[in-house]
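**Student:** Can you keep this structure in mind? I'll have questions shortly.
The values are calculated or read from the model by the stated rules, or taken from the named source; none is laboratory data. Values in this document were obtained by computation on a predicted structure and should not be read as measured data. Positions of Cβ are generated from backbone atoms using ideal geometry, with glycine treated the same way; all protein chains shown enter the neighbour counts.
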Amino acid sequence: MIYGFSSGIEYKFGKNGTASIVSIGSCTDKHIIIPEFFEGKTVTAVEDGAFSRAEGIVSITLPHTVSHIGKKAFAWSRRLEFVRASGVLEIGEKAFMGCEALTDITLGSKIKRIGKKAFAYCIELSSAELPSGISEIGASAFEGCRALGRVTLPESLRIIESGMFYACTSLSRVTLSNTVRYIDENAFAYCISLNDISIPRTAVINQNAFFECNRKAS
């Protein structure tokens, strides 16, 4: 640790005085804390695959300056339990896919986009608090999150993409806003516990959106 932050992390320098994380490097911390600045540069991103398959990490705290988490940034880091990312605007495709121990992720109010399969097969994730302002959640974002029991989707979300909650077998309650316009194919397929969902009358529903799902809609 240097000044309370994790050392050994590898960075690269970008334009306009910025830095981004490219690898866990020689860091052996279980609980990783990233600084706002590295060698005078503002840390703004976690690059694609930076912590992929980092088996040793249990938690990571990102500063408010980090606005982007890249593709597969933490994918298959199987011991990762907690993530704090208060300044993130965008989470890339498969960013946390296969993080089997992940139970809690804190996102700030700035988040706008969550990529495809971002949290797929996070089998211990039990709830998802999605801040208002998110305009896009990619296909299969929460696929296979079998412990996910409830979710509230923000008013800013217009489309429930294909497979978004595919095989979330514990999902029993979903709160949709009146702004939802389309629910795509397999969005809630195999959500066998789903019994409480209100769907706006104006929403168009794909015929397979609730495949093998005994839903009680109102």
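**Student:** Is at least one residue of the stretch 84-103 assigned to a loop (DSSP other than H, G, I, E, B), of a type in the set (Val, Ile, Thr) and over 24 Å from TYR11 (Cβ atoms)?
**Tutor:** Looking for residues that are assigned to a loop (DSSP other than H, G, I, E, B), of a type in the set (Val, Ile, Thr) and over 24 Å from TYR11 (Cβ atoms), one finds at least one in the stretch 84-103, hence yes.
**Student:** I'd like the residue in the stretch 59-79 that is under 13 Å from the mean Cα position of the chain (by Cα) and among the aliphatic types (A, V, I, L, M) and, out of all such residues, is farthest from GLY108 (Cα to Cα).
**Tutor:** Across the stretch 59-79, the extreme among qualifying residues is ALA75.
**Student:** Which condition from (1) crowded, with 21+ Cβ neighbours inside 10 Å; (2) modelled with pLDDT of 95 or more is the one that ALA85 breaks?
**Tutor:** (2)
**Student:** Scan the stretch 170-184 and tell me whether some residue there is assigned to a loop (DSSP other than H, G, I, E, B) and either assigned by TED's automatic domain parsing to the domain that holds ALA85 or closer than 19 Å to GLY98 by Cα (or both).
**Tutor:** yes
**Student:** If I ask for residues that are of a type outside the set (S, T, N, Q) and modelled with pLDDT of 95 or more, which ones from the stretch 161-180 would you list?
**Tutor:** Correct list: GLU161, GLY163, MET164, PHE165, TYR166, ALA167, CYS168.
**Student:** Please verify whether ALA209 is more than 20 Å from GLU124 (Cβ to Cβ), among the aliphatic types (A, V, I, L, M) and outside the structural domain of TRP76 (by TED's automatic domain parsing), treating the condition exactly as stated.
**Tutor:** yes
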